[in-house]
Structures are given as structure tokens and as C-alpha cells.
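Below: one structure, written as C-alpha cells.
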Amino acid sequence: MTTAPFPAAAGQLRPQVGASLPAGEVTFMFTDIEGSTRLASGLGAEHYRIVLHRHRALIREVLAAHRGTEIETEGDSFFVVFADAADAAGAAVDIQTALRGAEWPDLGRGAGPIRPRVRMGLHTGEAWPSAGGYATPEVHRTARICSAAHGDQILASSQHVTAAGLDPHRSVEVLGAFELRGLPGVTELVQLGAPGLPVEFPPPPIQPLKHHLPADLKIPIDRPEEYQALDRAFDKYRLVTVTGLHGSGKSTLITSWARRRLRICGGGVWYCRPGDDLGTAILEAVGRRPDPLLRPLESAICHLKGRSDLLVIDDVERDHAWAVEKLLRECPDLRILAAGVRPLELPGEAKRALSLLPHGLAAELVSGLCEDRGAVWSAAECRGLAAAVEGFVPALSALADYTAFASPAAALRRLRDDPLAILDAGGRFRASVDEAIALISGPAREVLLELAERSGGATVDEVLDLSRQRDGSLEALVELVDVALVVIERPAMEQALYRVPTPVRWLLGGPAEVQPAPVPPVAAAVRLSRRLVNVVDIGRLVRTASLRGDDAIRRGRAAAESHECVRAVVSRTCAPSCSPIPARVRPRGRLIHLCAVMFADSGTSASVRSY
């Protein structure tokens with residue numbers, strides 16, 4: 001079988017003498033006879049020559065009528081260029097119609113007339129003639145498209161369909177995105193049709209692009225319970241959001257689950273990080289060029305509409321919620337798996353906060369992190385350390401360096417002696433917790449601080465009691481569960497317990513077993529204010545430690561969201577002995593201390609609660 005003529009290394013083919021070549025946006029066409037080698041061998045040289053010459057005469061007659069310039073003919077193949085994309089599409093349809101309607105010789109072999117089955121490829125792009133030919137990768141792309149076609153079939157790129165102004169709902173059938181050998185990116189192939197031409201063909205004999213999932217650099221830890229939870233969620237919902245702190249394994253989980261769905265997903269699976277523009281990110285994932293007449297999101301919707309695809313969006317934020325909702329409303333068969341620090345809070349969204357890892361899986365994770373750093377510690381040796389931090393993945397990641405270069409046993413001893421020193425040595429663990437705290441409301445921060453003092457957690461009724469049954473306390477609890485700062489435990493036949501993971505409790509208030517007994521109120525305020533430094537923007541509100549009275553109240557109330565957090569700290573720490581402000585207190589903690597001084601000087605606890 002002769003393939004479509006492929007350009008030489010320089011990518012240039014020369015036209016026939018006297019032909020003028022179009023420039024700018026042009027359309028290339030390749031044609032050849034399917035199975036031509038087998039046909040020539042079976043017919044013999046003389047009979048094959050009759051069929052080949054008849055085939056050439058018909059094609060050239062149509063090309064002349066549609067203003068096509070024949071660049072080269074080699075064996076049974078044609079390479080042609082058109083100045084107008086619509087002319088090229090019309091020529092392709094007329095060539096197939098002419099071949100099917102022509103009289104072909106009956107060579108007396110009992111098979112009737114021998115009609116060659118021609119396959120065709122069309123592609124439109126920018127090209128300029130050079131030295132009597134074209135030197136452009138668009139020529140190569142057209143040749144590959146022709147090679148992907150079957151006999152009697154016309155394949156074209158989506159760029160050609162757009163340039164020719166063809167009706168995508170009547171005259172073309174979208175086959176999907178394919179990777180063409182030797183060419184970067186993907187090409188969306190469509191089949192051109194017309195009355196009287198066949199429409200049923202096997203899939204193109206090339207690899208379709210089914211997904212855009214990043215390759216795993218190492219085998220991920222298997223999380224079967226999380227996979228099953230996502231399976232159940234997608235049985236009922238089209239949007240599922242996985243939430244958790246940075247470094248908790250969200251990206252690994254969603255890509256691992258999506259890769260498992262490839263075989264059963266009816267459409268493609270596309271992974272993207274939205275950044276500033278979700279539409280642009282989706283177009284890059286599916287290998288589509290943006291339409292200059294449409295916004296990127298609208299172009300993405302045009303591509304995804306009517307497709308049963310799964311879109312995997314990593315690092316999603318609330319700013320992307322409107323775009324996600326628009327995608328779901330306009331693409332009814334689309335499903336979206338998103339991952340972020342908090343959910344999008346859209347109608348019909350299923351939320352799935354990452355749970356604590358079972359100790360066995362957590363030990364495997366620590367062992368793998370140590371191996372990444374060149375230290376070989378078995379999962380059995382890491383199990384005690386994993387249990388100490390309750391399988392809380394951000395804490396496990398924070399412990400990896402010390403564990404690798406010391407030992408799991410040494411890390412466990414250090415964790416028991418001074419957990420904050422080892423957990424927050426690089427600042428990453430604190431940063432991930434602070435980021436989540438900064439995203440929640442003031443009431444949620446208050447509930448978080450209250451729950452952090454209870455190692456055993458609390459029931460819903462106890463949370464209401466802790467919060468003095470203030471309006472919005474349950475909404476605050478929902479916020480904390482959504483960002484995975486509070487985990488849900490369900491003892492058999494008992495009420496669910498809501499608990500702050502131990503590593504987060506250490507960060508917020510210090511572990512009870514290592515805290516000195518009774519701490520002066522001001523020292524407690526100092527400790528808590530430093531833990532909340534990234535939540536309360538104090539430097540902008542208070543410039544000096546000498547503020548008193550109405551000025552302090554006015555500036556304190558201007559803190560809006562932050563004052564709820566301050567009130568939670570002050571309500572537990574201030575007392576008449578709080579009057580002096582220690583000189584060692586840094587400016588970032590002064591607002592809390594000033595509030596403590598102000599309310600302590602007033603001598604009433606009611607002032608504390610009303611702040």
C-alpha cells in the first residue's frame with residue numbers, strides 16, 4: 001500500500017511547471033488509494049495501469065473545476081493546495097462522488113468492476129511558498145491526516161472545518177482528538193460527508209488522545225476508601241470537590257482516581273490547573289487553539305458540549321466558581337472533579353474532605369518520603385511515628401526530612417519532647433494551616449480554638465454549648481470540616497465526634513503533655529497571638545503599644561473578621577493581672593495584648609464577651 005507522499009527532510013515539494021501557489025491561509029489536500037500495493041499485485045501491471053490512469057483523470061478534472069493547484073503526483077497519490085478552504089472541501093466531496101459514479105473496467109475476475117477506494121486528508125493553516133514549494137509543518141500534518149483515513153473516507157482537521165464554514169451539525173462528524181506521529185500536540189479530526197457517500201467507517205488507525213493526566217513520578221499510595229467515596233459521589237453528582245490542606249495529597253488522589261476511570265469513562269479525561277483563566281487552562285488540556293472570536297471559556301464550552309468527558313481541576317478557588325457553574329449548565333454530559341483548600345459552594349456540589357490516613361498507609365507514606373531522600377526505613381519502623389500524628393499527611397510531610405536523616409525512633413522521641421520544633425522546622429506545616437485558617441470566618445476560628453482544647457473532640461451539642469449557642473455555630477463547624485481542620489469520627493452507635501487533629505492542636509495551643517502548669521494569662525495571650533499571626537493582620541491596625549481607651553476600641557472593631565478571633569483569645573486569657581504589657585512582645589501581637597489590658601482594666605468579663 002502506497003502512503004501519502006511525505007515531504008523530504010526540508011519539508012518542501014515542488015509544483016508543476018507554470019503553476020502559481022497561494023500564500024497566507026491555504027488548504028492542503030493529500031489523497032491516495034487504500035491498499036494500492038495489494039491491488040497492483042493482484043491485478044498485474046497492465047490492468048493496474050488502466051485503473052490508475054482512470055483514477056488520475058477523474059481527480060484532475062475535479063481539481064480544475066475547484067481551482068486546486070496540483071503540487072506533486074507520485075504513484076497513486078496527489079498533493080494539492082487551495083487558496084480557499086471551501087473549494088478544497090467541495091473538491092474532496094466531488095472527487096469521492098466522481099469515483100463512485102464512474103464506470104470502471106471489469107477485468108473478468110468474477111469480482112465485477114474494480115473501483116479504487118481513495119482516502120483523503122485536508123488541513124488549513126498558514127503557509128507561504130518558498131523556492132517553488134512549501135516548507136511548513138502544516139504539510140506534514142495533512143499527510144498524517146490522510147494516512148489516518150480509510151478508503152472512501154474524507155478526514156479533515158477542525159481548523160479546516162472552521163475555515164471552510166462547514167455546518168458542524170450537518171456535514172461533518174467529529175471523531176475526537178488524536179496524536180499524529182511525529183507532530184507536537186493533538187489534532188481534532190472530523191469526517192466530511194455528503195449525500196451518496198458512505199458514513200460508517202472503523203475508527204482511525206492512530207492513537208486517540210483520551211486524557212491529559214500528568215504521569216506519576218512514583219507509584220502513589222493506594223487509598224481504596226477515598227476511591228470508593230468518589231465512586232459513590234459521582235453516582236449522584238456531576239461536581240465533586242475534594243478539600244484539604246496544601247500538602248495533604250489532594251492532587252495525587254484525584255489524578256490516581258481519574259486514571260482508574262479511563263477505561264470506563266465514555267469520553268476523555270482532562271486535567272488542568274486553572275490559574276488566572278480556567279477557560280485557557282481547559283483549552284490547553286484538550287489541545288484546542290483558542291477561537292479569536294470567542295472568550296477562552298466559551299471556546300472550551302463549544303468543545304465540551306455534547307461530550308461525556310471528565311474534567312479534573314486542581315488547585316481550584318472560589319474565584320473559579322462562576323466558570324465551573326457555567327460549564328456544568330451548558331455542558332449537560334460533563335462531570336467535574338475539583339480539588340482545593342475549600343469547596344466551591346455551588347448548587348449540586350458533593351464535598352469530600354480528605355480523612356486521616358489509616359496508620360498502615362501513613363507508615364508506607366513516611367517510608368516512601370524517606371526513600372525519596374535517600375534513607376531506607378521500612379513501613380514497620382515508621383508506624384509509631386505515623387500513629388503519633390494520627391496519619392495527618394501535612395504533618396507526615398513536615399517530619400520527613402528529620403526522619404530520613406535521623407531515624408523514625410529519633411523523630412518520635414523529638415516529637416514527644418518538642419512537637420512544634422520538629423513539625424514547624426521549615427515553616428511549611430504552619431503555612432498550610434494558616435492558609436486554611438485565613439479562608440474561614442471569624443466564628444469558625446473561634447470554634448476551632450475551642451475544639452483545639454478538647455483532645456477527645458465534641459459532639460454537635462457540645463459544640464453548640466462551647467459556642468454559647470451563638471447563631472452560625474453549626475455553619476462554622478461545617479466550614480472547619482470542609483477545610484479538613486476538623487475531622488469527623490463516628491463511634492459505633494454513638495453521635496459523631498468532631499475533633500481537631502493532634503498536630504493542628506499542637507500548633508494552635510501546644511500539646512497538653514508538654515505544657516507547663518499554670519501559665520500566666522499574658523503569657524497565654526502571647527503564645528496564642530503568635531500562633532495566629534497569619535490570621536490577624538495586626539501591624540496595619542496598631543502602630544504603637546501606647547494606645548488606650550476609645551482609640552483602641554475603634555481600631556479593634558475595624559478589624560472586622562479578625563476581631564472574632566481576637567475575642568476568642570481574650571475571652572480565655574485576660575484577667576486583672578494583665579495590665580502591664582511585656583516589653584518582649586513584638587508589634588504583631590500588640591492588638592491582642594492591648595485588648596487584654598483594656599478589658600482587664602475594666603474589671604468585667606462582660607466586656608470581653610461583647611468585644
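The values are calculated or read from the model by the stated rules, or taken from the named source; none is laboratory data. Remember, it's a predicted structure, so these values are computed and weren't measured experimentally. A quick note on method: Cβ atoms are made from the backbone with ideal geometry, for glycine too, and the neighbour counts reach across all protein chains shown. Please note that ligands, DNA and RNA were not included when accessible areas were found on the heavy atoms of the full protein model with its side chains. Shrake-Rupley method; radii C 1.70, N 1.55, O 1.52, S 1.80 Å.
Between Glu188 and Ser158, Phe178, the built amide H atoms are under 5 Å apart, and every one of these is 5 or more places off in sequence or on another chain. A crude spin-label estimate for the pair Ala438 and Arg289, with each label 7 Å from Cα along the Cβ direction, gives 4.0 nm. Ignoring aspartates and glutamates fewer than eight residues from Lys218 along the same chain, the ones with Cα atoms less than 18 angstrom from its Cα are Glu364, Glu371, Asp372. The residue list Val139, Leu43, Phe30 was ranked by how far each Cα lies along the charge dipole of segment 30-140 toward its positive end, using unit charges on Cβ atoms, and Leu43 comes out on top.
With an 8 Å Cα cut-off and a minimum separation of 6 or more residues, compute the relative contact order for segment 24-192 in percent.
25 percent
Spin-label pair Val199-Gln495: with each label point 7 Å from Cα along the Cα-Cβ axis, the two points sit 6.3 nm from one another. Here Lys305 is the anchor, and the lysines within straight C-alpha reach of less than 24 Å, apart from those fewer than 8 places off in the same chain, are Lys210, Lys236, Lys326.
Among 401-408, 118-125, the peptide with the highest mean count of other Cβ atoms within 10 Å heads the list, and the full ranking is 118-125, 401-408. The solvent-accessible area of Asp291, taken with every protein chain present and a 1.4 Å probe, is close to 60 Å².
If R0 is taken as 30 Å, the Cβ-Cβ distance between Glu25 and Ala431 corresponds to a FRET efficiency of 0.05.
Summed over the residues of segment 337-378 and divided among them, the accessible surface reaches 42 Å² per residue at a probe radius of 1.4 Å.
Using the Cβ-Cβ distance between Ala387 and Val174 with R0 set to 60 Å, the FRET efficiency from 1/(1 + (r/R0)^6) comes to roughly 0.65.
Amide H contacts for Tyr134 (H built 1.01 Å from N in the peptide plane; partners 5 or more residues away or on another chain; cut-off under 5 Å): Leu13. Residues whose amide H falls under 5 Å from that of Gly306, counting only those 5 or more places apart or on a different chain, are Asp333, with hydrogens built in the peptide plane. Taking R0 as 56 Å, what's the FRET efficiency between Arg373 and Arg329 from their Cβ-Cβ distance, rounded to 0.05? Step by step, r from the Cβ atoms, then E = 0.75.
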